[in-house]
Amino acid sequence: MKCYVCSQLGDETEAIAICIVCGMALCKEHVIREDVDMWEGGYPLPPQKLKKKLPRVLCPECSEAIIK
């Protein structure tokens, strides 16, 4: 499988990971590893942030949407 971002730039680089949110194939250059907050709770309880974060592999677009 090839990296989607590289493909859009006219290059063919092998993918090493898949974005957990959108499923985009990513090469080593474009993969972003983030520790994402975990939440628990629901109706009627208010959600609360858990103490530990969950490591996730994200593409640049999803990382920007979720983290920033």
Subset tally (residues that are closer than 22 Å to residue 3 by Cα and assigned to a strand (DSSP E or B)) for the stretch 49-61: 4
Odd one out for residue 63 among (1) in contact with a Leu (Cβ under 6 Å, 6 or more places away or on another chain); (2) surrounded by 14 or more Cβ atoms within 10 Å (Cβ to Cβ); (3) modelled with pLDDT under 95: (1)
Hits in the stretch 1-48 (condition: part of a strand (DSSP E or B) and farther than 20 Å from residue 65 by Cα): 2, 14, 40, 48
Those residues of the stretch 2-30 which are within 19 Å of residue 56 (Cβ to Cβ), of a type outside the set (D, E, K, R) and out of contact with any helix residue (DSSP H, G or I) (no Cβ under 9 Å at 6 or more places or on another chain), in sequence order: 3, 4, 16, 17, 18, 23
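The values are calculated or read from the model by the stated rules, or taken from the named source; none is laboratory data. Bear in mind that the values here come from a model prediction, so they are computed numbers and not experimental data. Quick reminder, even Gly has a Cβ in these numbers, built from the backbone with ideal geometry, and neighbours come from all protein chains shown.
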